[in-house]
1. Could you tell me which of the residues A:Ser245, A:Ser213, A:Ser241 is in the same structural domain as A:Ile191 (by TED's automatic domain parsing) and modelled with pLDDT under 95?
2. Looking only at residues in segment A:222-240 that are in contact with a Gly (Cβ under 8 Å, 6 or more places away or on another chain) and closer than 17 Å to A:Phe91 by Cα, which one is surrounded by the fewest Cβ atoms within 10 Å (Cβ to Cβ)?
3. Could you check, for segment A:201-222, whether at least one of its residues is within 12 Å of another protein chain (Cβ to nearest Cβ) and in contact (Cβ under 8 Å) with a residue 60 or more places away in the chain?
4. Whether any residue in segment B:204-220 is of a type in the set (A, V, I, L, M), farther than 22 Å from B:Val272 by Cα and surrounded by fewer than 20 Cβ atoms within 10 Å (Cβ to Cβ) is what I want to check.
5. When only residues in segment A:316-332 that are closer than 21 Å to A:Val226 by Cα and in contact with a Cys (Cβ under 7 Å, 6 or more places away or on another chain) count, which is modelled with the lowest pLDDT?
6. Which members of segment B:105-127 meet the condition of being surrounded by 22 or more Cβ atoms within 10 Å (Cβ to Cβ) and either more than 12 Å from chain A (Cβ to nearest Cβ) or among the basic types (Lys, Arg) (or both)?
7. Give the number of residues within segment A:37-70 that are surrounded by 20 or more Cβ atoms within 10 Å (Cβ to Cβ) and free of Cβ contacts under 8 Å to residues at least 24 places away in the same chain.
8. Just one of (1) crowded, with 23+ Cβ neighbours inside 10 Å; (2) within 20 Å of the chain's Cα centre (by Cα); (3) of a type outside the set (S, T, N, Q) trips up B:Val141, so point out which.
There are 2 protein chains.
Amino acid sequence: MVSEKMYELGTKKSTIRTIFEFGRKRAAEVGEENIFDFSLGNPNVPTPEFVKNAAIEILQTFEPSAVHGYTVAPGNPKVRETLAESVNNRFGTNFTGKNFFITAGAAAAITISFKALAENGDEFITFAPYFPEYKCFVESVGAELKVVPAQPKDWQINFEEFEKIISPKTKAVIINSPNNPSGAVYSEETIKKLADILTDKSKKFGHEIFIISDEPYREIAYNIEVPYVPKFYKNTLVCYSYSKSFSLPGERIGYIIVPNEICDFEKIFGAVAGAARVLTHVNAPSLWQLVIAKCAGKSSDISIYEQNAKLLYNGLIDAGFECVKPQGAFYLFPKALEEDDYAFCERAKKFDLLLVPGADFGAPGYFRAAYCIKTETIEKSLPLFKKLAEEYQK
Amino acid sequence: MVSEKMYELGTKKSTIRTIFEFGRKRAAEVGEENIFDFSLGNPNVPTPEFVKNAAIEILQTFEPSAVHGYTVAPGNPKVRETLAESVNNRFGTNFTGKNFFITAGAAAAITISFKALAENGDEFITFAPYFPEYKCFVESVGAELKVVPAQPKDWQINFEEFEKIISPKTKAVIINSPNNPSGAVYSEETIKKLADILTDKSKKFGHEIFIISDEPYREIAYNIEVPYVPKFYKNTLVCYSYSKSFSLPGERIGYIIVPNEICDFEKIFGAVAGAARVLTHVNAPSLWQLVIAKCAGKSSDISIYEQNAKLLYNGLIDAGFECVKPQGAFYLFPKALEEDDYAFCERAKKFDLLLVPGADFGAPGYFRAAYCIKTETIEKSLPLFKKLAEEYQK
């Protein structure tokens, strides 16, 4: 009667969702202030005033049809020009508006990219730990997702394992840096090595292999440069979102960049347009197109994330956890105190510490703690992490 | 290298697009005021003040995270409750918020519905004249679109032809009333007859057949009631958009209703959620969710469309055209003055009258004239329609 696959995708509760619901239930029992919910990656820096003011000014001063009318499929041409200038100023690139396809956030951007590129039998590769939705997005376009095992010492790319998995079937690799859930930023060295391997394998296999650079966390990096991938590898699609940088996750606004230098710009931008069309993602929300242009080059104040990162990292190290130092995004990804990360997260629940098992991200034995929450919640949680750790020392 | 299908869908120019571009070129040559562009279905009633004021008030008074934060996948629960109440007040239905899945407009709503329902080998049926994007949306979910030939005397459903096409493979029928491009409103008699046939065939074929009621033009009807389909057929998905009713086409906001009475609510709503997930259409733009709730039950002033409809209809009849009287939407669909509607539209171009051939909508021999344009443009065009008609009398 319906697509069983869609039914399953629409009803099977994710681990995060289950944890979140448990948290809501407990909060009703013991009070919000006694629940330490590290499960959700929801930005807690408020939307900046300049974004709000831009939206109000546009609504008050523009002709309604100029704000709310249809734009062409890839988005308002002037907005795209402005975004191109802003990216060029920042990264020394040479984009024009024609390289931009505005989308409803990064999830739409990556899915459009998958759909544009995927041919029968294609494989896409990503690197653990990874955003679990990649799997259903890739499968929904008829391709297969291959996951390269993690490199826990620094959460950079495990190239040895990567070389085992890359094959003539590989259409693209998906990278996500700053990374959800590890909090790592791929170094220039990592990106260069990845680019070298892909150049080599593209030649060897006789077809281009693309990088899809999923960058919703680009602006959240702590005193470290996040390499701009198209500068290192020409066959790159950049997928960006304003969900985190402007704290606008509900508004669904971002973009895809298809660089001129890509192997066949006309073909690939055309396929992106076709994919956006059948996924009914043409013409991203028009008010927000204007707002991101008006606010181009600005960013939210992310100092709170950095402060939280330090606080939680130091607290966990102090309690005896092993954890790679956070470089960006708003997640820590420490080692669980027992092999079974599900069992560990269950045990943490007894202290009302809500954590997500690393196996959900393809890295069993670890757990994710999202620190985009109140600083005082983190402060109050630290003695509980200590108690939790002590339980394992008994 | 890319999906050839996506490339083709993204680059093949539609007839409407080609006409529109011709119009822009001519406007640059002879002046905007000398071009009579009836090609685009872009609402020209400005977004109502109450919509603008609602958006500004929400931005100024709500907590940013309450406006711009993630909502649950089907949309803000309070918003969905408000929409349900509003629909219930109007149509005497018994919906709750749980029946609503908020979407990025009607295009997303229908595509999600297709994806939720489609199984291998399924056919979807629609009735000419029809919105041409149905074809690529249906095909993109792996199903086939079957088109029932038109009934030009009144543009109601051609049931005789319908009974020849409906088959055990039929998963759903797509209706669009008020209709783009015919301007017809399906009568209660039409809907009842359709419901009777579907009930009968569902029994005969041993599986349910759904109606997908695509209703972006619901509010644009002239002194005629547009039957509320779920009241006549329980297995109906309503796909609604605020693009026309609030003149917000660029903002992408609408909804799907899955009624409780549908054959298996839990299964179908679940599949809708799964389809929205893989099409990356969860959490429709959040500010606009709040705005449509705040403005629930209100509507734009559509009197200008009715005025334009009369003016153009009378002018065309006066010039000797044959045309069914418009009942809604903002289109006329008159008979072309020669059999080949493409040739006719080419000839009209000489008078700078930009019209869309009916064959594009599955009804050759007719043409579409969108009258959502300035009234004075229509006034100035009437002598040209007369001259065009006179050419055929020579």
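1. A:Ser245
2. Filtering segment A:222-240 for residues that are in contact with a Gly (Cβ under 8 Å, 6 or more places away or on another chain) and closer than 17 Å to A:Phe91 by Cα, the one surrounded by the fewest Cβ atoms within 10 Å (Cβ to Cβ) comes out as A:Ile224.
3. Looking for residues that are within 12 Å of another protein chain (Cβ to nearest Cβ) and in contact (Cβ under 8 Å) with a residue 60 or more places away in the chain, one finds at least one in segment A:201-222, hence yes.
4. No, every residue in segment B:204-220 fails to be of a type in the set (A, V, I, L, M), farther than 22 Å from B:Val272 by Cα and surrounded by fewer than 20 Cβ atoms within 10 Å (Cβ to Cβ).
5. Filtering first and then ranking leaves A:Phe330.
6. Listed by number, the residues that qualify are B:Lys115, B:Phe124, B:Ile125, B:Thr126, B:Phe127.
7. The number of residues fulfilling the criteria is 0.
8. (1)
The values are calculated or read from the model by the stated rules, or taken from the named source; none is laboratory data. Here the structure is a predicted model, which is why all the values come from computation and not from measurement. All Cβ positions, even for glycine, are placed from backbone atoms using ideal geometry, and neighbour counts span all protein chains on display.
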